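In what follows, a single structure is set out as structure tokens and then discussed.
The values are calculated or read from the model by the stated rules, or taken from the named source; none is laboratory data. Computed from a predicted model, the values in this text were never measured in an experiment. Note that each Cβ is placed from the backbone with ideal geometry, even for glycine, and that neighbours are counted across all protein chains shown.
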Amino acid sequence: MEVIIKANNDEICQEAARIIIDQWTKKKDLVLGLATGSTSLGVYARLIEAHRSGEIDFARIRTFNLDEYLGLAEDHPQSYAYFMDQNLFRHINIKRANIHRLEGRPRDIDEHCRAYEQAIRQAGGIDVQLMGIGRNGHIGFNEPCSSLSSRTRSKTLTRETVADNARFFAKEEAVPRFVLTMGIGTIMEARTVLILAYGEKKSEAIFRCVEGPVTAAVPASILQLHPQTTLVVDEDAARHLTQKEYYKWVYQNKDRVSEYLR
Ligand code: F6R
């Protein structure tokens with residue numbers, strides 16, 4: 001896992017947007033896996049700016065969102081569909097047909113999840129999966145002890161995640177308890193995983209994700225087995241990492257490897 005430590009959230013978002021734009025430069029019909037939540041907001045703001053300044057064109061980009069609350073219609077202000085429209089899609093030139101989302105009110109949950117997996121396969125798989133991390137180490141809505149090989153399906157949120165997400169709702173009781181989420185197995189098939197975190201409240205989860213044992217109790221720790229994961233965090237989120245100085249050195253010197261080829 002590549003660990004990049006930045007000074008603040010602004011720099012994290014800048015780095016993440018740069019990685020996405022670099023990948024788009026190599027593949028114009030990039031397949032992006034997208035997340036919602038506070039962490040991804042700044043990345044979307046950067047991507048919108050980059051779109052306006054002509055650094056990225058979304059005309060051929062296809063997207064798949066990670067998760068959705070069960071029970072919320074797509075025009076519900078707390079649905080992830082609404083979040084994506086407000087914070088990214090309505091500001092860029094993405095084609096509606098290229099946006100894929102899990103529905104909050106599918107007629108048949110199992111069938112809907114199967115079709116979602118099929119749509120990802122048909123798109124050729126996810127090139128870059130952007131993600132945040134929960135304080136309990138969840139990725140997508142794969143809560144602790146989710147199967148490490150799970151596919152897209154319904155899950156039940158922990159009380160901790162419900163409490164964390166209550167800030168977006170009028171009251172905690174309004175937070176849906178059931179969700180749909182890509183599985184951990186689905187996420188692990190993305191070619192590149194880009195996981196971001198800022199702030200002290202994520203520091204324990206980041207330590208367990210990067211330096212703890214691989215365990216279903218910390219779903220993000222499975223990323224230690226992913227061949228191409230980049231984690232971008234700020235100093236606060238990185239505070240418990242024991243190899244912090246090493247990660248910084250590696251990042252600052254990564255271009256020097258090519259010196260040996262001369
Ligand atoms: C959201 C998602 C979640 C969040 C995580 C962090 O689509 O899949 O895993 O990324 O809960 O949320 P924030 O960024 O709000 O701290």
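Pick out the one residue from His112, His100, His138, His91 that is farther than 22 Å from Ile195 by Cβ and in contact with a helix residue (DSSP H, G or I) (Cβ under 8 Å, 6 or more places away or on another chain).
Checking each option against the conditions leaves just His91.
Keeping to the stretch 119-144, report how many residues are more than 16 Å from the ligand (Cβ to nearest atom) and either among the aliphatic types (A, V, I, L, M) or within 13 Å of Met188 (Cα to Cα) (or both).
4
For (1) touching a residue at least 60 places away in the same chain (Cβ under 8 Å); (2) among the hydrophobic types (A, V, I, L, M, F, W, C); (3) within 27 Å of Ile5 (Cα to Cα), each residue gets a yes or a no:
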| residue | (1), (2), (3) |
| --- | --- |
| Arg159 | no, no, no |
| Phe168 | yes, yes, no |
| Lys201 | yes, no, yes |
| Leu225 | no, yes, yes |
| His240 | no, no, yes |
| Tyr247 | yes, no, yes |
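Working only within the stretch 64-118, note down all residues that are part of a helix (DSSP H, G or I), within 16 Å of the ligand (Cβ to nearest atom) and surrounded by 15 or more Cβ atoms within 10 Å (Cβ to Cβ).
Tyr80, Ala81, Tyr82, Phe83, Met84, Asp85, Asn87, Phe89, Cys113, Tyr116 - these are the residues of the stretch 64-118 that are part of a helix (DSSP H, G or I), within 16 Å of the ligand (Cβ to nearest atom) and surrounded by 15 or more Cβ atoms within 10 Å (Cβ to Cβ).
Among residues belonging to the stretch 37-63 that are more than 16 Å from the ligand (Cβ to nearest atom) and small (Gly, Ala, Ser), point out the one that is surrounded by the most Cβ atoms within 10 Å (Cβ to Cβ).
Restricting to residues being more than 16 Å from the ligand (Cβ to nearest atom) and small (Gly, Ala, Ser), the top hit is Ala50.
Among the residues of the stretch 18-48, write down those that are farther than 20 Å from Ile4 by Cα, touching a residue at least 24 places away in the same chain (Cβ under 8 Å) and in a helix (DSSP H, G or I).
Trp24, Ala45, Ile48
Determine, yes or no, whether Val193 is touching a His at 6+ places or on another chain (Cβ under 6 Å), of a type in the set (Val, Ile, Thr) and at pLDDT 95 or above.
For Val193, the condition - touching a His at 6+ places or on another chain (Cβ under 6 Å), of a type in the set (Val, Ile, Thr) and at pLDDT 95 or above - is met.
Provide a single number: the residues in the stretch 146-157 that are within 15 Å of the ligand (Cβ to nearest atom) and either buried (at least 19 other Cβ atoms within 10 Å of the Cβ) or part of a loop (DSSP other than H, G, I, E, B) (or both).
Residues meeting the conditions: 6.
Determine whether the stretch 158-176 contains at least one residue that is away from the ligand (no atom under 13 Å from the Cβ), surrounded by fewer than 17 Cβ atoms within 10 Å (Cβ to Cβ) and within 18 Å of Leu34 (Cβ to Cβ).
Checked against the condition, which is being away from the ligand (no atom under 13 Å from the Cβ), surrounded by fewer than 17 Cβ atoms within 10 Å (Cβ to Cβ) and within 18 Å of Leu34 (Cβ to Cβ), the stretch 158-176 yields no hits at all.
Considering the stretch 70-126 alone, what residues qualify as being out of contact with any strand residue (DSSP E or B) (no Cβ under 7 Å at 6 or more places or on another chain) and acidic (Asp, Glu)?
Glu74, Asp75, Asp85, Asp108, Asp110, Glu111, Glu117
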